[in-house]
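S.K.: Before I ask anything, let me first share the structure, which is written out below as structure tokens.
None of the figures in this text is laboratory data; all of them are computed from the coordinates on show. Not measured: the values here are computed from a predicted model. Here Cβ is always computed from backbone atoms with ideal geometry, including for glycine, and neighbour counts include all displayed protein chains.
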Amino acid sequence: MTIQINKPEVEALINQRLQSGAYEDAEDVILHALQSSAPARVETDDERPAKDIVELFAPLRGLNVDFSRNPSTGRPVDL
């Protein structure tokens with residue numbers, strides 16, 4: 001594979017990294033850059049946050065789920 005770099009600032013950055021002595025060649029600089037960058041992710045519908053409470057609980061429709069509060073008054077506390 002042949003990669004052509006047209007932007008002088010990219011070439012300057014690669015040369016800067018090479019001069020640091022941490023890399024053997026330009027290929028090593030590019031490999032390290034690619035390995036350290038996170039791949040772009042595309043959110044699916046399941047990963048997006050719900051827009052409102054109705055949409056949040058939509059999967060529970062028809063399950064006859066009881067969301068009433070617990071009538072317990074809690075435990076006694078001595079003051």
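S.K.: If you take the Cα atoms of the chain, find Rg, then find the Kirkwood Rh from the mean of 1/r over all pairs, what is Rg/Rh? Please list the in-between numbers first.
M.R.: Numbers: Rg = 28.5 Å, Rh = 19.4 Å.
Using only Cα positions, Rg/Rh for the chain is 1.47.
S.K.: Could you tell me which GluC sites (Glu not before Pro) in the stretch 5-34 are loop residues by DSSP with no more than 11 other beta carbons within 10 angstrom of their beta carbon?
M.R.: Details: sites: 9, 11, 24, 27; in loops: 24.
Sparse-neighbourhood loop GluC sites (Glu not before Pro): 24.
S.K.: Here is a further query. Nearest 10 degrees, 0 to 90: what angle lies between the long axis of helix 8-19 and the longest principal axis of the chain (Cα atoms)?
M.R.: 80 degrees
S.K.: By how many nm would the segment from residue 68 to residue 18 lengthen if fully extended, with 0.36 nm per residue of separation less the alpha-carbon distance?
M.R.: On the way: separation 50, 0.36 × 50 = 18.00 nm, distance 6.57 nm.
Taking 0.36 nm per residue and subtracting the Cα distance, the gain is 11.4 nm.
S.K.: Quick one: 2, 73, fewest Cβ neighbours within 10 Å first, how do they rank? Kindly include the intermediate steps, with their values, before the conclusion.
M.R.: Values: 2 3, 73 6.
Ranking 2, 73 by Cβ neighbours within 10 Å, fewest first, gives 2, 73.
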